[in-house]
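Report on the following structure.
The values are calculated or read from the model by the stated rules, or taken from the named source; none is laboratory data. Keep in mind that this is a model prediction, so the values were computed, not measured. In this analysis, Cβ positions are derived from the backbone assuming ideal geometry, glycine residues included, and neighbour counts consider all displayed protein chains.
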Amino acid sequence: LIADDRLFTKGASLGEGRGKLFIIAGNEYPEAISDVFSERTPDHRILADAYVLTKKQKNTKTILVSKDINLRMKALSLGVLAEDYINDKVTNVNIFDKNYEVFENVSPEMIDQMYMNGGIPLEEFDFKSDVEPQDCFVMRSARSSILARYVPQSGMVVRVEKTRSFGIEPRNAEQAFAMNVLLDKEVLLVALTGKSGTGKTLMALASALQQHESYKQILLARPIVALSNRDLGYLPGDEQQKMAPYMQPLFDNLSVIKNSFSYQGREVKLLEEMQKNGQLVIEALAYIRGRSLSETFFIVDEAQNLTPHEVKTIITRAGEGTKIVFTGDIQQIDSPYLDMHSNGLVYMIDRMRGQDIFAHINLLKGERSYLSELASNLL
């Protein structure tokens, strides 16, 4: 811990070859930028210090490092070098360009055996590429095909069926894979990515409800990030009324599930009872902070708007018997300080890949409607 006057005078060494740490304070605000950038703005005072250093130390490269792209653009307009903070960035986001492997010319007898026995040991397959835990495949022979997933706990490649969960049935292979890992109690951490309308949140909620007897609580939450970075304080109403528009998509998914049953059906009454007794909770993610979650099926929606630190905080809250599902679209980030390389969702997927208890399913095909699919692809 460095906590003395060296920080303000000669600087404190960070170790051999690592330079020194200084704290800059008390510089006079330069007149050269005061007409354009008001001194009352904290970011502008940081910018001013970088500007002064650039002018004073012409033989030393001065770089302003910030995750705020607006501040970086202002710095560049003044001739100050500026860079993004790249330490927590994920460089390879190609994992979001595919959803599953397709293996052609598989032995018909092998596929028949999978249909008969439910699975085959991994070593019996001759895969041309490396297989990671929870990888999903479509395997085809001349006469049949099958959906499959590698389960590392058993060392088996198992058959994946289109399992109906609480009134919701998968409409494509991707959704079938998603439902399969969501229903697997040995997969404790799941990431579902994909554009709007692919069924990420719906699959997660339906599978949670299907397993409601296995968990004390089903928790569905999302971060409150105002569009265009506008403060919620300007919206009318109390706290609940301000947040209602941001939470409504979660209730919409619940309504889709309710509508798959008759109005007076047993399942609808069960949902209402679960909401009443607190077994099914839908709320803002901010209310979860500090809690320890045991025997909980925890769904975090819009996870692309979380920082890596926030994602880590959520996962480390998981107690015994808890399953956490993150859903999100890395192309729809509302936070001005995050991008597709630095958000918490992609960071978590990159760090957790290859772990036995983790599965990532990327959903590409929209199922909401033709109009929704067209808009997601073209706009």
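Annotations
- Applying a threshold of 7 Å to beta carbon distances and a minimum spacing of six or more residues, or different chains, the list of pairs starting in the stretch 331-348 at a residue that is touching a residue at least 60 places away in the same chain (Cβ under 8 Å) and charged (D, E, K, R) and ending at one that is surrounded by fewer than 21 Cβ atoms within 10 Å (Cβ to Cβ) and assigned to a loop (DSSP other than H, G, I, E, B) reads ASP334/VAL225.
- The set of residues from the stretch 160-197 being charged (D, E, K, R) and either over 22 Å from ILE357 (Cα atoms) or surrounded by fewer than 19 Cβ atoms within 10 Å (Cβ to Cβ) (or both) comprises GLU161, LYS162, ARG164, GLU169, ARG171, LYS185, GLU186, LYS195.
- Selection count where residues are over 13 Å from LEU78 (Cβ atoms) and of a type in the set (A, V, I, L, M), scope the stretch 9-57: 6
- Those residues of the stretch 97-145 which are closer than 20 Å to ASP356 by Cβ, part of a loop (DSSP other than H, G, I, E, B) and either in contact with a Gly (Cβ under 7 Å, 6 or more places away or on another chain) or without any contact (Cβ under 8 Å) to a residue 12 or more places away in the chain (or both), in sequence order: ASP130, GLU132, PRO133
- Residues satisfying the stated conditions in the stretch 45-87, i.e. surrounded by 19 or more Cβ atoms within 10 Å (Cβ to Cβ) and in contact with a Phe, Trp or Tyr (Cβ under 6 Å, 6 or more places away or on another chain): ALA48, LEU78, VAL80
- Any hit, the stretch 202-225, residues being of a type in the set (Ser, Thr, Tyr), at pLDDT below 95 and assigned to a helix (DSSP H, G or I): no
- On the stretch given as the stretch 268-280, residues that are within 17 Å of LYS323 (Cβ to Cβ) and either out of contact with any helix residue (DSSP H, G or I) (no Cβ under 8 Å at 6 or more places or on another chain) or assigned to a loop (DSSP other than H, G, I, E, B) (or both) total 1.
- Within the set PHE37, PHE22, the sole residue that is closer than 21 Å to TYR337 by Cβ and either surrounded by 13 or more Cβ atoms within 10 Å (Cβ to Cβ) or touching a residue at least 60 places away in the same chain (Cβ under 8 Å) (or both) turns out to be PHE37.
- On inspection, LYS74 does not qualify as part of a loop (DSSP other than H, G, I, E, B) and free of Cβ contacts under 8 Å to residues at least 40 places away in the same chain.
- Screening PHE137, PHE96 for residues that are within 30 Å of GLY366 (Cβ to Cβ) and modelled with pLDDT under 90 leaves exactly one candidate, PHE96.
- Yes/no for ALA82 being of a type in the set (Gly, Ala, Ser), assigned to a strand (DSSP E or B) and touching a strand residue (DSSP E or B) at 6+ places or on another chain (Cβ under 6 Å): yes
- LEU363 within 13 Å of GLY197 (Cα to Cα), assigned by TED's automatic domain parsing to the domain that holds LEU188 and of a type in the set (A, V, I, L, M, F, W, C): yes
- From GLY366, GLY328, GLY278, residue being in contact with a Ser or Thr (Cβ under 7 Å, 6 or more places away or on another chain), over 24 Å from ASP184 (Cβ atoms) and either among the small types (Gly, Ala, Ser) or surrounded by fewer than 22 Cβ atoms within 10 Å (Cβ to Cβ) (or both): GLY366
- Of all residues in the stretch 173-194, one or more are closer than 19 Å to GLN304 by Cβ, of a type outside the set (Phe, Trp, Tyr) and out of contact with any Lys or Arg (no Cβ under 9 Å at 6 or more places or on another chain).
- Matching residues in the stretch 42-70 - criterion: being in a helix (DSSP H, G or I), acidic (Asp, Glu) and closer than 22 Å to ASN87 by Cα: ASP43
- Count of residues meeting criterion [part of a loop (DSSP other than H, G, I, E, B), exposed (fewer than 15 other Cβ atoms within 10 Å of the Cβ) and not small (Gly, Ala, Ser)] in the stretch 306-324: 2
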